[in-house]
Amino acid sequence: MLMKQVLNILFVFTFYFMTCQVRAQSTVSKDSILVHQMHQLKGFLSLSDAQEQSWLILERQQQKTMDSVTQLHLSLEDRNKWLTGNIQKHSHQVKSILSEDQWKKYTAMLESRRQEFLKHAADKNIKVTEIQKGN
């Protein structure tokens, strides 16, 4: 009887451990998604390797900055000001990495995605509040 209980407990622990392992292996990190997105942008915008690496470093920094906003405990108005300033700064940094033609193509892509999102939100009766964009 005791042996059967020990085997049941071992089975439960083994199952739990295997489940944890599968979840850990199937989780995709933010960084791997970011790297994949940058690789797609490299092809779309014909980026050089140096441009891709510079932009990837910038995006990693931006991701950390945006993740930190939740720890600032800002009022809604101050949060909007902080986000607006941060987005404008980031936009200026991205623009400095790209050529003029790449920048035009990139901003056209962003505007197209923005319009698609706003249309989808309107179709679903979702209210959207936009933050000022930087150029």
**Prompt:** Which of the residues spanning the stretch 57-82 are under 15 Å from the mean Cα position of the chain (by Cα) and touching a residue at least 12 places away in the same chain (Cβ under 8 Å)?
**Reply:** LEU58, GLU59, ARG60, GLN62, GLN63, THR65, MET66, VAL69
**Request:** Tally the residues that are loosely packed, with under 13 Cβ neighbours inside 10 Å, within 22 Å of THR65 (Cβ to Cβ) and of a type in the set (A, V, I, L, M), restricting the search to the stretch 79-121.
**Result:** 1
**Item:** Tally, over the stretch 17-59, of residues that are modelled with pLDDT under 60 and part of a helix (DSSP H, G or I)
**Value:** 7
**Request:** Considering only residues that are surrounded by 10 or more Cβ atoms within 10 Å (Cβ to Cβ) and within 25 Å of LYS89 (Cα to Cα), look in the stretch 122-133 and name the one that is modelled with the lowest pLDDT.
**Result:** LYS133
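The values are calculated or read from the model by the stated rules, or taken from the named source; none is laboratory data. Bear in mind the structure is a predicted one, so any value in this text is a computation, not a measurement. Here Cβ is always computed from backbone atoms with ideal geometry, including for glycine, and neighbour counts include all displayed protein chains.
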